[in-house]
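The values are calculated or read from the model by the stated rules, or taken from the named source; none is laboratory data. Given the structure is predicted, the values throughout are model-derived calculations rather than measurements. Heads up, the Cβs are rebuilt from the backbone with ideal geometry, glycines too, and the neighbour counts pull from every protein chain shown. Please note that ligands, DNA and RNA were not included when accessible areas were found on the heavy atoms of the full protein model with its side chains. Shrake-Rupley method; radii C 1.70, N 1.55, O 1.52, S 1.80 Å.
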Amino acid sequence: MGTMDRIKHIGVFTSGGDAPGMNAAIRAVVRTAHFYGLQVSGILEGYNGLVQNNIRPLGTRDVSNIIQRGGTILRSARSKEFMTVEGRCAAKRTMDLHGIDALIAIGGDGTFRGAQAFMVEHGVRMVGITGTIDNDMGGTDTTIGFDTATNTAMELVDRIRDTASSHDRLFFVEVMGRSSGAIAMYCGIAAGAEFVMVPERKQGIEELISALERTEKSKSSVIVIVAEGDEEGGAYEVARKVKERYAHYETRVSVLGHVQRGGNPTVADRMLASRSGVAAVEALLAGQAGVMVGQVNGRMVLTSFSEVLSGTSPRNHAELDRILAILST
Ligand code: F6P
């Protein structure tokens, strides 16, 4: 990289669904950038802030007292305008106006799809940081927010177990994940659920019913975790289908919803966010672009956006299915 290309001013933003630990990542990016003498701008509401020129400078003290907070101080959005060619042209004009010469995007796969298009059309230098509770991305073992969300879901299922076992009830608990069963699987195993339904694997009502028949008589309560995107429908729909066949079950449904997205990030998420922020700025300074910072086998690694987007996530549901079946007997 020649002197002309040296990065002096970076922009940082959070995009897509917020995730606990995004603030810790923003803090790490801002402080690392200042450590290396760079100027930093915070872009508000994801790509919308670039399209609409909604930007403010971020100094090291602007990110004080945020490492422990859920949500994102920069706010987030799934920008419709940025999905258009005109929107991306406007975004580039904003970057030029402020003299921003590189971007760090914190988000999920939708965020990196946008980044990819922006880089191809405008040659913008971008590095990504994982930020989604769904843990459904290639190039990393886990994503910022997943550990916190699964801990929240697990704690809530523990509470449901207390009441379920006091009344001999069958509970259907819906957790987040439109196309990802990672939260369902982890929280199911960690909270000792009897059955888990995920979008990645077709488990019909028949399979669920035979599992229920096996366990129902010997247990004082049964908990079925349903990922919101399961092909049989959400928890209400699955409960209805079971009840249709087995009217004698006393069933209850609980949809955990957005409580899973909030709350103070866990140590694991704060660590991942802090390490990712440092690695992202250092990657840009080393001349990298078009890559996402992930954590694989405990180490920070860079993977190209195209590989992240085309790659299947490394989650091994077959192994998790197997241990769930053994442990829920
Ligand atoms: O991608 C994160 C996530 O929480 C998914 O698990 C869920 O399907 C979706 O976002 C919900 O989106 P929204 O907050 O827009 O309702």
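Which ones in segment 65-91 are of a type outside the set (A, V, I, L, M) and in contact (Cβ under 8 Å) with a residue 40 or more places away in the chain? Can you show your working first?
Going residue by residue through segment 65-91, those that are of a type outside the set (A, V, I, L, M) are 65, 68-72, 75-76, 78-82, 84, 86-89.
Once the filter is applied, which keeps residues that are of a type outside the set (A, V, I, L, M) and in contact (Cβ under 8 Å) with a residue 40 or more places away in the chain, segment 65-91 yields Gln68, Arg69, Gly70, Gly71, Thr72, Arg75, Ser76, Arg78, Ser79, Gly87.
Would you mention how many residues in segment 291-302 are crowded, with 20+ Cβ neighbours inside 10 Å and more than 16 Å from the chain's Cα centre (by Cα)? If you could, list the steps in order and put the result at the bottom.
We begin by selecting, within segment 291-302, every residue crowded, with 20+ Cβ neighbours inside 10 Å; these are 291-295.
Pick out the ones that are also more than 16 Å from the chain's Cα centre (by Cα) and you get 291.
Result for segment 291-302: 1.
Here are some residues: Ala77, Ala105. Which one is buried (at least 18 other Cβ atoms within 10 Å of the Cβ), part of a strand (DSSP E or B), within 22 Å of the chain's Cα centre (by Cα) and within 16 Å of the ligand (Cβ to nearest atom)?
Values: Ala77 fails: part of a strand (DSSP E or B).
When all the criteria are applied, what remains is Ala105.
Would you pick out the residues in segment 46-69 that are open to solvent by 40 Å² or more (accessible area, probe 1.4 Å), in contact with a strand residue (DSSP E or B) (Cβ under 8 Å, 6 or more places away or on another chain) and in a loop (DSSP other than H, G, I, E, B)? Don't jump to the end; show me each part of the working.
Keep residues of segment 46-69 that are open to solvent by 40 Å² or more (accessible area, probe 1.4 Å), which gives 52-54, 56-57, 60-62, 64-65, 67-69.
Subset that is in contact with a strand residue (DSSP E or B) (Cβ under 8 Å, 6 or more places away or on another chain): 54, 56-57, 62.
Asn54, the sole residue that qualifies.
Give the residue, chosen from Leu284, Leu272, that is open to solvent by less than 40 Å² (accessible area, probe 1.4 Å) and touching a Lys or Arg at 6+ places or on another chain (Cβ under 7 Å).
When all the criteria are applied, what remains is Leu284.
Criterion first (touching a Lys or Arg at 6+ places or on another chain (Cβ under 8 Å), modelled with pLDDT of 95 or more and not aliphatic (A, V, I, L, M)) does Gln295 satisfy it? So that I can check it myself, show each step before the final result.
Details: touching a Lys or Arg at 6+ places or on another chain (Cβ under 8 Å): yes; modelled with pLDDT of 95 or more: yes; not aliphatic (A, V, I, L, M): yes.
When the stated conditions are applied, Gln295 passes them.
A quick yes/no check of all residues on (1) over 23 Å from the mean Cα position of the chain (by Cα); (2) within 16 Å of the ligand (Cβ to nearest atom):
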| site | (1), (2) |
| --- | --- |
| Thr143 | no, yes |
| Asp158 | no, no |
| Asp162 | yes, no |
| His167 | yes, no |
| Ala184 | no, yes |
| Val196 | no, yes |
| Lys202 | no, no |
| Glu207 | yes, no |
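Please determine whether any residue of segment 124-139 is in contact with a strand residue (DSSP E or B) (Cβ under 9 Å, 6 or more places away or on another chain), within 12 Å of the ligand (Cβ to nearest atom) and open to solvent by 10 Å² or more (accessible area, probe 1.4 Å).
Scanning segment 124-139, I find at least one residue that is in contact with a strand residue (DSSP E or B) (Cβ under 9 Å, 6 or more places away or on another chain), within 12 Å of the ligand (Cβ to nearest atom) and open to solvent by 10 Å² or more (accessible area, probe 1.4 Å), so the answer is yes.
Out of everything in segment 1-45 that is within 16 Å of the ligand (Cβ to nearest atom) and open to solvent by 30 Å² or more (accessible area, probe 1.4 Å), what residue ends up being nearest to Arg88 (Cα to Cα)?
So, considering only residues that are within 16 Å of the ligand (Cβ to nearest atom) and open to solvent by 30 Å² or more (accessible area, probe 1.4 Å), the one nearest to Arg88 (Cα to Cα) is Glu45.
Could you please find all residues in segment 131-163 being in contact with a Phe, Trp or Tyr (Cβ under 6 Å, 6 or more places away or on another chain) and touching a residue at least 60 places away in the same chain (Cβ under 8 Å)?
So in segment 131-163, the residues in contact with a Phe, Trp or Tyr (Cβ under 6 Å, 6 or more places away or on another chain) come out as 133, 135, 150, 160.
Matches in segment 131-163: Ile133, Asn135, Ile160.
Within segment 12-29, is there a residue that is more than 23 Å from the chain's Cα centre (by Cα) and over 24 Å from Gly257 (Cβ atoms)? So that I can check it myself, show each step before the final result.
Filtering segment 12-29 for residues more than 23 Å from the chain's Cα centre (by Cα) gives none.
No - not one qualifying residue is present in segment 12-29.
Yes or no, residue by residue, for (1) at pLDDT 95 or above; (2) surrounded by fewer than 19 Cβ atoms within 10 Å (Cβ to Cβ):
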| residue | (1), (2) |
| --- | --- |
| Leu156 | yes, yes |
| Phe171 | yes, no |
| Met176 | yes, no |
| Ser179 | no, yes |
| Phe195 | yes, no |
| Glu216 | no, yes |
